[in-house]
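Below is one structure; the comments refer to it alone.
The values are calculated or read from the model by the stated rules, or taken from the named source; none is laboratory data. Values in this document were obtained by computation on a predicted structure and should not be read as measured data. Every residue, glycine among them, receives a Cβ derived from its backbone with ideal geometry; neighbour counts consider all protein chains shown. SASA here: full protein model, heavy atoms, side chains in, ligands and nucleic acids out. Shrake-Rupley method; radii C 1.70, N 1.55, O 1.52, S 1.80 Å.
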Amino acid sequence: MKKFLLFAAVALLGITATNAQVKFGFGVGYALPTGDIADFTDGGVSAHLELGYGVTEDIDVSILYHGEFLAGSDFDGESFGAIALGSYMLNGRYYFRKEGFRPYGSLGLGITSIGALELDNASTIDDVDADSTSNFSFRPALGFKYGVLNMNVAYLSAGKVGEGDFEQSVSDFTINLGLLFTFGGN
């Protein structure tokens with residue numbers, strides 16, 4: 001996977017050398033769990049990093065890494081749950097305006113690595129229930145860009161984990177604030 005991402009980044013930079021509309025962005029945000037993971041997590045932090053190319057003034061294509069860490073405990077303090085999500089995605093963005101305040105819609109498709117941890121208060125390190133898997137995921141978002149300021153609200157659907165009666169859906173909403181630089185265009 002790392003070799004593929006490196007190849008994709010080098011290929012993207014090679015393409016952009018002829019028409020320098022390179023996009024580079026990063027940011028942080030708040031993650032609010034939805035679906036079944038909301039039963040054992042309360043919220044958390046998110047961060048993202050992207051490298052892209054402006055195909056036209058209205059359309060961007062980028063490679064996006066989006067990471068999240070959600071945690072929570074039950075009311076009596078007897079158990080603690082945490083989930084870490086790491087998404088590698090191909091992201092497309094369409095701007096509805098060409099200048100100034102630029103609202104947009106975007107869609108990311110890719111793979112999300114899901115790592116979960118559940119710990120009971122009486123547990124020793126041997127009793128920790130940890131699980132990890134990777135699923136196909138998608139991430140639609142609505143946001144805006146104003147200058148270099150980039151803000152969006154995104155929904156991540158990372159599929160399901162577990163089996164049978166223990167199958168749980170993994171999804172969340174994030175509110176992200178960051179910077180998105182454009183070199184050679186809008």
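Output the residues belonging to the stretch 54-65 that are in a strand (DSSP E or B) and farther than 14 Å from residue 106 by Cα. Of everything in the stretch 54-65, just one residue is in a strand (DSSP E or B) and farther than 14 Å from residue 106 by Cα, namely 65. Restricting attention to the stretch 132-186, the residues that are open to solvent by less than 50 Å² (accessible area, probe 1.4 Å) and out of contact with any strand residue (DSSP E or B) (no Cβ under 7 Å at 6 or more places or on another chain) total 0. Right, residue 41: buried (at least 19 other Cβ atoms within 10 Å of the Cβ) and among the β-branched types (Val, Ile, Thr) or not? Here the answer is yes, as residue 41 does meet what is asked.
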